[in-house]
1. With the structure loaded, tell me whether THR68 is out of contact with any Leu (no Cβ under 8 Å at 6 or more places or on another chain), crowded, with 18+ Cβ neighbours inside 10 Å, polar (S, T, N, Q) and within 30 Å of GLN48 (Cβ to Cβ) or whether it fails that test.
2. Inspect all residues belonging to segment 43-66 and state whether any of them is assigned to a helix (DSSP H, G or I) and hydroxyl-bearing (Ser, Thr, Tyr).
3. Looking only at segment 65-95, how many residues end up being touching a helix residue (DSSP H, G or I) at 6+ places or on another chain (Cβ under 7 Å), farther than 28 Å from PHE38 by Cβ and among the polar types (S, T, N, Q)?
4. Among the residues of segment 39-58 satisfying the criterion of being surrounded by 19 or more Cβ atoms within 10 Å (Cβ to Cβ) and over 21 Å from ALA143 (Cα atoms), which is farthest from the chain's Cα centre (by Cα)?
5. Output the residues belonging to segment 73-100 that are of a type in the set (Ser, Thr, Tyr) and either touching a residue at least 12 places away in the same chain (Cβ under 8 Å) or not in a helix (DSSP H, G or I) (or both).
6. If you check LEU129 against the conditions, is it more than 13 Å from the chain's Cα centre (by Cα), of a type in the set (A, V, I, L, M) and either modelled with pLDDT of 95 or more or outside any helix (DSSP H, G or I) (or both)?
Amino acid sequence: MTPYFRLIAATVTAVLLTSAHAEAHPPMADHGHGGSLFGLHAALIKLQPQLGLTAQQQALITAAQTATNNARTIARQQHDSMKSQLDTAMTQPVLNLDSLSQTEQAARQPVQAAMQTARTSWLAAYDALNDTQKALVSTALKATYKQHQAKMAEWMSKRPHH
């Protein structure tokens, strides 16, 4: 394999795996630091004891948690499948980028559908809260947003300017 071909193969692999990874970990996903719907998922879970939820509200939160777990499972499965297909493609003498692109697009669709289901479930759980409960959650979300903004400002200040 020539160095030029290795460079092209590495670049294609990096682009496609990065794309698959980004789909498995979308920007609004909750990674324990309040990303899902601006931190709604994390806030509702954390504040459950203070919210005094009704059985219906608790059922909606449980359904949203299940939908989120399903979305994560689907994202992992699609990521693993895409990686496997990329590994196979990298053994070929000539890459079929059209085929790889179509495969990637096909892998995104079930993930996006599952993520939308989870998002809709969390919004339904929030909508079922009364005004007092929503105010408590909103306060937590605003605090999380301020913390995020402060971290981003600190990170941006450390970046070299071009």
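The values are calculated or read from the model by the stated rules, or taken from the named source; none is laboratory data. Everything quoted here is computed from the prediction, not taken from an experiment. When we count neighbours, we look across all protein chains shown, and the Cβ atoms used for this are built from the backbone with ideal geometry, even at glycine.
1. Details: out of contact with any Leu (no Cβ under 8 Å at 6 or more places or on another chain): yes; crowded, with 18+ Cβ neighbours inside 10 Å: yes; polar (S, T, N, Q): yes; within 30 Å of GLN48 (Cβ to Cβ): yes.
Spelling it out, THR68 is indeed out of contact with any Leu (no Cβ under 8 Å at 6 or more places or on another chain), crowded, with 18+ Cβ neighbours inside 10 Å, polar (S, T, N, Q) and within 30 Å of GLN48 (Cβ to Cβ).
2. We begin by selecting, within segment 43-66, every residue assigned to a helix (DSSP H, G or I); these are 43-51, 55-66.
Narrowing further to those that are hydroxyl-bearing (Ser, Thr, Tyr): 62, 66.
For segment 43-66, residues assigned to a helix (DSSP H, G or I) and hydroxyl-bearing (Ser, Thr, Tyr): present.
3. Residues flagged as touching a helix residue (DSSP H, G or I) at 6+ places or on another chain (Cβ under 7 Å), farther than 28 Å from PHE38 by Cβ and among the polar types (S, T, N, Q) within segment 65-95 amount to 2.
4. Pass one, segment 39-58, residues surrounded by 19 or more Cβ atoms within 10 Å (Cβ to Cβ): 39-44, 51, 53, 57.
Checking which are over 21 Å from ALA143 (Cα atoms) leaves us with 53, 57.
Values: LEU53: 27, GLN57: 24 Å.
This residue is LEU53.
5. Taking segment 73-100 and keeping what is of a type in the set (Ser, Thr, Tyr), we get 73, 81, 84, 88, 91, 99.
Residues satisfying the conditions are SER81, THR91.
6. On the way: more than 13 Å from the chain's Cα centre (by Cα): yes; of a type in the set (A, V, I, L, M): yes; either modelled with pLDDT of 95 or more or outside any helix (DSSP H, G or I) (or both): yes.
Considered against the rule, which asks whether it is more than 13 Å from the chain's Cα centre (by Cα), of a type in the set (A, V, I, L, M) and either modelled with pLDDT of 95 or more or outside any helix (DSSP H, G or I) (or both), LEU129 comes out as yes.
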